[in-house]
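K.L.:
This structure is in structure tokens; I'll ask about it shortly.
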């Protein structure tokens, strides 16, 4: 069934005008017009410096608009490619207070205004009662921007600290408790999709975690049906790089809330893999693009999973055409009558080959000198 989500990207004339705050970069104050290196500037230098400062702000604003357009486009593509959001959906955006979830919420709210389909966005936060957690930040932000929201209060922090020994990572227990609460609440409020803030680099890090430590080839899918079949999870940031999200969050000046549970733990395997990916991105700029492309281009027949591909029942499908060996000669030895009775030749044919003129070939046998023209077929190996 074809979805209306393919119309997420529309021409500029079809788009509604953006709010003023959406189409401009945040204000960058600059006191350099008054002082420079601790010294008062002469009056005649003010005009020149004001022009330079205005140019800097325009340049930063242009860079922000370019980045904003890029992220919106990538999110739109991901939604289109995986049919993430459909007409009438109620999308529950899980917002933790980190840069990823803030960026996801911001872009989905924009797409909600311009998309040719109707869908709703609700922000949901799970307050896990971490020590020193600023409980007023998210409600203030969401209220200020007129975003519908729920704050779920549940002391999962104490539970995690109690069941996980000191020095061990909290991720497994923390994520299970969090998923259980959020998945059930999504059904309770009638949300048809749960949007998570995982981005492209998260998906690749999960792939390498499973590869190095889990013994499996799997990652975070852009779209997933929960094990109980009750919820559909979507990751609209699947095509977005983390470094772009960092820049976007800095431009937008989101009120980021630090987390001292999951990714902040020292020596966490995921943190080490993230460092590895960042090093690769610096040394080999196209490597991460290639890796992510591989996740989208899987060939089960070229792997070894017997559940994924039926290796046992592979059968030959040969025609009558024989591709004769091309070369100088064939040395045959110990080809006895038993093998010959099975059709194995004692003196196989050889096709002569002139490396200086590959179009002129002939076919000979090891015992006869007659020649017959024969075209050499081209083989395109699957790599």
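K.L.:
Considering each residue of region 306-332, count those that are closer than 24 Å to residue 223 by Cα and surrounded by 11 or more Cβ atoms within 10 Å (Cβ to Cβ), and give that number.
P.N.:
2
K.L.:
Are any residues in region 99-129 part of a loop (DSSP other than H, G, I, E, B) and under 21 Å from residue 202 (Cβ atoms), and if so, which ones?
P.N.:
Of everything in region 99-129, just one residue is part of a loop (DSSP other than H, G, I, E, B) and under 21 Å from residue 202 (Cβ atoms), namely 128.
K.L.:
While we're on this one: Residues to consider are 112, 154, 129; find the one that is assigned by TED's automatic domain parsing to the domain that holds residue 190, on the phi > 0 side of the Ramachandran plot and without any contact (Cβ under 8 Å) to a residue 60 or more places away in the chain.
P.N.:
129
K.L.:
Moving on. Only one of 63, 80 is within 27 Å of the chain's Cα centre (by Cα) and either at pLDDT below 95 or not in a helix (DSSP H, G or I) (or both). Can you tell me which?
P.N.:
Testing whether each residue is within 27 Å of the chain's Cα centre (by Cα) and either at pLDDT below 95 or not in a helix (DSSP H, G or I) (or both) leaves just 63.
K.L.:
Could I ask something else about it? Anything in region 204-228 that is touching a helix residue (DSSP H, G or I) at 6+ places or on another chain (Cβ under 7 Å), under 15 Å from residue 104 (Cβ atoms) and touching a residue at least 60 places away in the same chain (Cβ under 8 Å)? List them, or say none.
P.N.:
Scanning region 204-228 gives a single hit, 222.
K.L.:
While we're here: Are any of the residues in region 163-186 closer than 19 Å to residue 104 by Cα, modelled with pLDDT of 90 or more and part of a loop (DSSP other than H, G, I, E, B)?
P.N.:
Looking through region 163-186, none of the residues is closer than 19 Å to residue 104 by Cα, modelled with pLDDT of 90 or more and part of a loop (DSSP other than H, G, I, E, B).
K.L.:
Hey, can you tell me all the residues within region 193-215 that are part of a loop (DSSP other than H, G, I, E, B) and under 18 Å from the mean Cα position of the chain (by Cα)?
P.N.:
196, 197, 198, 199
K.L.:
Would you mind stating whether residue 291 is assigned to a helix (DSSP H, G or I), modelled with pLDDT of 90 or more and either in contact with a helix residue (DSSP H, G or I) (Cβ under 7 Å, 6 or more places away or on another chain) or surrounded by 10 or more Cβ atoms within 10 Å (Cβ to Cβ) (or both)?
P.N.:
Spelling it out, residue 291 is indeed assigned to a helix (DSSP H, G or I), modelled with pLDDT of 90 or more and either in contact with a helix residue (DSSP H, G or I) (Cβ under 7 Å, 6 or more places away or on another chain) or surrounded by 10 or more Cβ atoms within 10 Å (Cβ to Cβ) (or both).
The values are calculated or read from the model by the stated rules, or taken from the named source; none is laboratory data. Model, not experiment: these values are computed from the prediction. For neighbour counting, all protein chains shown are included, and Cβ atoms are generated from backbone atoms with ideal geometry for every residue, glycine included.
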